[in-house]
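The values are calculated or read from the model by the stated rules, or taken from the named source; none is laboratory data. The structure displayed is predicted, hence computed values, not measured ones. For neighbour counting, all protein chains shown are included, and Cβ atoms are generated from backbone atoms with ideal geometry for every residue, glycine included.
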2 protein chains.
Amino acid sequence: MSRIPTALEAAKRIADGSLTCEALTRACLDRIADREPEVQAWQHLDPDAALAAARRIDRSGRGPLKGLPVGVKDIIDTADMPTGYGSPLYDGFRPPRDAACVALARQAGALVLGKTVSTEFAYFQPGKTRNPHDAGRTPGGSSSGSAAAVADGMVPLAFGTQTAGSVIRPASYCGCVGYKPTFGLIDRTGVRPFADSLDTVGVFAATVEDAAFFASVLTGRPTLRIGDEPFRPRIGLCRTHEWEAAGRAARDALDEAARRLRAAGIEVREVALPERWRGLFEAQKTVMAYEGVRACAPEMLTAPDRLSAKLREILEAGAAVAPEHYDAARAVAADGRAGFGDALGALDVLLAPSAPGEAPEGLGATGDPVFNRVWTLLGASCVTVPGLYGPAGLPVGVQVVGRPGDDRRTLAAAAAVARALSAG
Amino acid sequence: MSRIPTALEAAKRIADGSLTCEALTRACLDRIADREPEVQAWQHLDPDAALAAARRIDRSGRGPLKGLPVGVKDIIDTADMPTGYGSPLYDGFRPPRDAACVALARQAGALVLGKTVSTEFAYFQPGKTRNPHDAGRTPGGSSSGSAAAVADGMVPLAFGTQTAGSVIRPASYCGCVGYKPTFGLIDRTGVRPFADSLDTVGVFAATVEDAAFFASVLTGRPTLRIGDEPFRPRIGLCRTHEWEAAGRAARDALDEAARRLRAAGIEVREVALPERWRGLFEAQKTVMAYEGVRACAPEMLTAPDRLSAKLREILEAGAAVAPEHYDAARAVAADGRAGFGDALGALDVLLAPSAPGEAPEGLGATGDPVFNRVWTLLGASCVTVPGLYGPAGLPVGVQVVGRPGDDRRTLAAAAAVARALSAG
């Protein structure tokens, strides 16, 4: 589907002079001109300003991301573009400064191509974006536009955020790589908060290597870069405590991934999660609702009527959560995090569903983060790898889950999974 | 020094109709008119607007904080007042919405009286505020204006934030109660970040009971309210691993507090912290520098020349911290948090210095957070209690430190300490 080069290819060609940022930006804009009427991934895009910025970068830009166009989810502040947080309350808002992650990308030479559609405050009320594979289906959310734009080949890299399943799920539905790093790995300054102990900045890319490259530059962690070194991860096939939510497509994808991995000589064995992890799923919902109602207190106070019914619903639920109940949920989470190493044992990573199946039909909802909540609560490093398809011909990702702080291994394992999937 | 009632007294009198918000606000404004030329606690104050808001609250306000004037540190967003983050870069900036903690206070009926002076981005470059006891001395920082305003009786309650020692230290220097809750207890949405894993919203008040009352309303945790119930905490006298930084005044204050506590029949016994906690102090500095350079990336990218030399210094230090070094510091912190319960054993709280002594002379620096860094890194609940004085006649607080999440006990112990100190 992609007509633009991968981020790593583009970076190499820009460095050796065989590609300009302007030409790459033009290729992105051409693809967008062609596809945006159907996909609707962009909340703000100014082609002339983007080309002018590209020429400036060609003249004087530098850094490892020099010339690479990046999409920025519209709950992430940009000083030179409006930032609407997916809510009519912030239509046309101009933050005084970029978010830290945007500044870090620009510092490394990247071009901010435009703002991508987010659900309302990165919760569940959808924006306008459609699945690039089927305009009648959701792209997932909340990072709807970033997932769709990268999967559709409109831009090589994009920022998203995940509080429940807002990076992994849309990447799975749209068919690109989504990487939710360990909690806190990428600085959140200037990102609209929803739940302080869960919100995590993540990235979208066409390949695992691109996602790893982008994150390595943003974090100043060269060890995150994945090269060609052979790595045969020990993988635990993890049907999770939420397995009953997995549809046929998700079950088949996991089995097929295991088959191809074994065919590639990679060890995959069934693993059961600790019984007491059953509580993590509900704990994530409790934490998210409780923290969300506090983060949204300003809007609830001044303009409750301009919030969607879906958002008001979780805020009312959050207001009803007793602090003791929240504290108990946080304790369950802390216990889970402390036991993560033991749960994995000698395994490098787990392989689990990214989502319940193909993207659901309809645009009124963004699908279910049922296979993401627990990992987000645990602060785990997660990568969804595309390459498999469901009965309707839509992408179905598989999720590689690693220990918090073990992002290098998780990314390397995800790259191995991607190689095995593409080997068929 | 205070000529205005405590928050609890005022709330009671406003509820029973014997005091209006307008009269209380006028009393605050009178005190400010008298003292502000010397103290310089306020970054933004509009007396007419405050009185108009007070009349609105008298007419139609409600909630447990009804009519209580609150000062808001100027790194905390307010929709109806400029928010300058202590930096010339944000002169006159108007955020689109209140911070969550401000909205929660307003929701409960409070009046935002004005914005109080903060150091630059809540780091060490001082604002204009002077110590209310001696205009030639620092009020401490970074919550300089909030501490000075509350200690000087200009306002009964104020918000601050702490990343190293920005609540406890200025409260100790100015002579009021400062309460830094457990990390995360009060939502941070709309508070300018400096170090994501450390930044904590705290409060200032004239009494421990007022601070506990304010926090109980903000968090919806009625258990935080401290009543008259007798409580004899088991207290560990903790000279900390940084004891050599304590001057005569701090040492004497701690001894005197122990003497008065024992005279009140409260058990105080010497306690030594675990040897391996020696690394926590440097770990906090590492974490703060590393996270700070990322949070300030937008300003470093666009306007490095408009940052103070002091701020640039830590940002340069942060840029030089290797990720592995930061990860190791975070691991030291996690180990400390996990061992906090064991370190306290059967003790309810620790009693430690709040600051190295009386407020230092001069206005070019805000003093040393040497006795705060470790507790902030551990996410502990901390209260500084006034009542003792040093050789120059300036206040010297003592710090009550409790386990993370154990705020009720910490506040109750602090109230017991305050009673013992005032009993002499």
> If you go through region A:138-151 one residue at a time, do you hit one that is at pLDDT 95 or above and within 14 Å of another protein chain (Cβ to nearest Cβ)?
Replying inline: no
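Could you list all residues from region A:389-421 that are outside any helix (DSSP H, G or I), buried (at least 24 other Cβ atoms within 10 Å of the Cβ) and over 17 Å from the mean Cα position of the chain (by Cα)? Break it down stepwise before answering.
Residues of region A:389-421 that are outside any helix (DSSP H, G or I), as a first pass: A:389-406.
Pick out the ones that are also buried (at least 24 other Cβ atoms within 10 Å of the Cβ) and you get A:395-402.
None - no residue of region A:389-421 is outside any helix (DSSP H, G or I), buried (at least 24 other Cβ atoms within 10 Å of the Cβ) and over 17 Å from the mean Cα position of the chain (by Cα), so the list stays empty.
Only one of A:R269, A:R259, A:R251, A:R312 is under 30 Å from A:A135 (Cα atoms), more than 24 Å from the chain's Cα centre (by Cα) and modelled with pLDDT of 95 or more; which?
Values: A:R269 fails: under 30 Å from A:A135 (Cα atoms); A:R259 fails: under 30 Å from A:A135 (Cα atoms); A:R251 fails: more than 24 Å from the chain's Cα centre (by Cα).
Residue meeting the stated conditions: A:R312.
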>> Just to verify a result, which residue in region B:86-99, among those that are buried (at least 24 other Cβ atoms within 10 Å of the Cβ) and facing chain A (nearest Cβ under 10 Å), is farthest from the chain's Cα centre (by Cα)?
In response: B:D98
> What do you reckon, is A:D80 in contact (Cβ under 8 Å) with a residue 12 or more places away in the chain, of a type outside the set (F, W, Y) and either crowded, with 24+ Cβ neighbours inside 10 Å or away from chain B (no Cβ under 14 Å) (or both)?
Replying inline: no
>> Residue pairs, Cβ under 6 Å, 6 or more apart or interchain, first in region A:380-391 and closer than 12 Å to A:E358 by Cβ, second acidic (D, E). List them.
In response: A:L388/A:E256; A:G390/A:E358
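Look at region A:203-235 and say how many of its residues are among the aliphatic types (A, V, I, L, M) and farther than 23 Å from A:A158 by Cβ.
Of all residues in region A:203-235, those among the aliphatic types (A, V, I, L, M) come to A:203, A:205-206, A:208, A:211-212, A:215, A:217-218, A:224, A:226, A:235.
This time we only want the ones that are farther than 23 Å from A:A158 by Cβ, so: A:235.
Adding up the residues that qualify gives 1.
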>> Given (1) away from chain A (no Cβ under 14 Å); (2) closer than 30 Å to A:D187 by Cα; (3) buried (at least 24 other Cβ atoms within 10 Å of the Cβ), identify the lone condition not met by B:S381.
In response: (1)
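Do you know which of the residues in region B:353-382 that are acidic (D, E) and out of contact with any Phe, Trp or Tyr (no Cβ under 8 Å at 6 or more places or on another chain) is farthest from B:R169 (Cα to Cα)?
Of the residues in region B:353-382, the ones acidic (D, E) are B:358, B:361, B:368.
Keeping just the survivors that are out of contact with any Phe, Trp or Tyr (no Cβ under 8 Å at 6 or more places or on another chain) gives B:361, B:368.
Values: B:E361: 15, B:D368: 8 Å.
Selected residue: B:E361.
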> Name the pairs: first residue in region B:352-366 and assigned to a strand (DSSP E or B), second residue surrounded by fewer than 24 Cβ atoms within 10 Å (Cβ to Cβ) and basic (K, R), Cβ to Cβ under 9 Å, at least 6 apart or on different chains?
Replying inline: B:A352/B:R239; B:P353/B:R239; B:P353/B:R251; B:E361/B:R137; B:G362/B:R137
> Looking at region A:30-43, which of the residues that are surrounded by 19 or more Cβ atoms within 10 Å (Cβ to Cβ) and not β-branched (V, I, T) is farthest from A:G109 (Cα to Cα)?
Replying inline: A:Q40
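Within region A:238-259, identify whether any single residue is of a type outside the set (G, A, S), away from every other protein chain (no Cβ under 14 Å) and over 29 Å from A:Q284 (Cβ atoms), and answer yes or no.
So the first thing to find is which residues in region A:238-259 are of a type outside the set (G, A, S), and the list is A:238-244, A:248, A:251-252, A:254-256, A:259.
After this cut, where a residue has to be away from every other protein chain (no Cβ under 14 Å) as well, the list is A:238-244, A:248, A:251-252, A:254-256, A:259.
Applying the additional criterion that residues be over 29 Å from A:Q284 (Cβ atoms) yields A:259.
Scanning region A:238-259, I find at least one residue that is of a type outside the set (G, A, S), away from every other protein chain (no Cβ under 14 Å) and over 29 Å from A:Q284 (Cβ atoms), so the answer is yes.
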>> For the structure I just gave you, tell me whether B:A333 is within 14 Å of chain A (Cβ to nearest Cβ) and at pLDDT 95 or above.
In response: yes
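Among the residues of region A:167-189, what is the count of those that are at positive phi and surrounded by 24 or more Cβ atoms within 10 Å (Cβ to Cβ)? Explain how you work it out, then say what you get.
Keep residues of region A:167-189 that are at positive phi, which gives A:175, A:184.
Cutting the leftovers down to surrounded by 24 or more Cβ atoms within 10 Å (Cβ to Cβ) gives us A:175.
The qualifying residues number 1.
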> Only one residue in A:L29, A:L65, A:L24 is in a helix (DSSP H, G or I), more than 12 Å from chain B (Cβ to nearest Cβ) and in contact with a Gly (Cβ under 7 Å, 6 or more places away or on another chain). Which one?
Replying inline: A:L24
> Hey, any hits in region A:336-343 for a residue that's more than 23 Å from the chain's Cα centre (by Cα) and more than 14 Å from chain B (Cβ to nearest Cβ)?
Replying inline: yes
> Any idea which residue in region B:210-229 is surrounded by the fewest Cβ atoms within 10 Å (Cβ to Cβ), counting only those that are in contact with a helix residue (DSSP H, G or I) (Cβ under 6 Å, 6 or more places away or on another chain) and among the charged types (D, E, K, R)?
Replying inline: B:R225
> Among all residue pairs at least 6 apart or on different chains, which show Cβ distances below 7 Å where the first residue, located in region A:88-102, is closer than 21 Å to A:E299 by Cβ and the second is at pLDDT 95 or above and in a helix (DSSP H, G or I)?
Replying inline: A:P88/A:R306; A:L89/A:E299; A:L89/A:R306; A:P96/B:Y90
>> Just to check your reading of the model, which residue among A:P69, A:P64 is buried (at least 16 other Cβ atoms within 10 Å of the Cβ), in contact with a Pro (Cβ under 8 Å, 6 or more places away or on another chain) and at pLDDT 95 or above?
In response: A:P69
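Rundown of residues vs (1) buried (at least 24 other Cβ atoms within 10 Å of the Cβ); (2) touching a Pro at 6+ places or on another chain (Cβ under 8 Å); (3) not in a loop (DSSP other than H, G, I, E, B), yes/no style:
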| position | (1), (2), (3) |
| --- | --- |
| A:C101 | yes, no, yes |
| A:G114 | yes, no, yes |
| A:F121 | yes, no, yes |
| A:Q125 | no, no, no |
| A:T129 | yes, yes, no |
| A:P139 | yes, yes, no |
> Are any residues in region A:179-227 of a type in the set (A, V, I, L, M, F, W, C), away from chain B (no Cβ under 14 Å) and part of a loop (DSSP other than H, G, I, E, B), and if so, which ones?
Replying inline: A:A206, A:I226
>> If a residue must be within 14 Å of chain A (Cβ to nearest Cβ), touching a residue at least 24 places away in the same chain (Cβ under 8 Å), crowded, with 20+ Cβ neighbours inside 10 Å and hydrophobic (A, V, I, L, M, F, W, C), how many such residues does region B:260-303 contain?
In response: 6
